Amino acid sequence: MCGIYFGNARMGQHSPKHPIPFILGCVCSSLCSRMKLSTGIIFCFLILGVSSQRWASFLKEAGQGAKDMWRAYSDMREANYKNSDKYFHARGNYDAAQRGPGGAWAAKVISDARENVQRVTDLFKHGDSGHGVEDSRADQAANAWGRSGKDPNHFRPRGLPDKY
């Protein structure tokens, strides 16, 4: 409600003596709620400085970055090469981050989710799964290395086929 008073009746309240304030109150109430929403949206755009083109490019970069992460994961599974895990972590994050802010964001979200899921599943595994806390930290270091734009070949194991 806008809080506008018309005579003795507040707009929006039904009064048999004043039917016009009731009608105007309904219109005013509708306009005020729409104005609050639109003002909030405009405020967010001004504060964040985000245009629709930026959002579209961010989302596109994020999608491409997710594909880069998937490709690195698929290559790692296909290569099945000893001690290549950190290289593929760094490479996936590097490729995704090269797409732009959206790709870097997707790489971070996917990397963090993967490591968190791995920690949970490790609770249910018995024995040495090779994915303990130390391994998770090393994976995250390789992820950060790649996202920062550093060469993922730093982690490349000798003998890994050139295809990768």
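The values are calculated or read from the model by the stated rules, or taken from the named source; none is laboratory data. Remember, predicted model here, so these are calculated numbers, not experimental data. We place every Cβ from the backbone using ideal geometry, glycine too, and count neighbours over all the protein chains shown. Just the protein is used for accessible areas: all its heavy atoms, side chains included, with ligands, DNA and RNA removed. Shrake-Rupley method; radii C 1.70, N 1.55, O 1.52, S 1.80 Å.
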query: What dipole magnitude, in Debye to the nearest 20, does segment 60-155 give about its Cα centre under +1 on Lys/Arg Cβ and -1 on Asp/Glu Cβ?
result: 260
- request: For segment 60-155, report the accessible area per residue in Å² (1.4 Å probe, heavy atoms, rounded to an integer).
  value: 59
- prompt: Modelled label-to-label distance, V120 and K67, 7 Å Cα→beta-carbon offset: nm?
  reply: 2.9
- prompt: How are the C-alpha pair distances of segment 60-155 spread across 5 Å bins, as whole percents from the shortest bin up?
  reply: 3, 16, 24, 25, 19, 9, 4, 1, 0
query: Which of the peptides 62-69, 84-91, 150-157 is most tightly packed, and how do the rest follow, judged by the mean count of other Cβ atoms within 10 Å per residue?
result: 84-91, 62-69, 150-157
message: Computing the accessible area with a 1.4 Å probe over protein heavy atoms, can you report the carbon and sulfur percentage for segment 60-155?
response: 56
Radius 12 Å from Cβ of Q64, net charge of other residues (Lys, Arg +1; Asp, Glu -1): +1
message: Number of Lys pairs in segment 60-155 with C-alpha atoms less than 25 angstrom apart, excluding same-chain neighbours closer than eight positions?
response: 13
query: Want the number for D162 to W55: 0.36 nm per residue separation, take away the alpha-carbon distance, what's left?
result: 34.9 nm
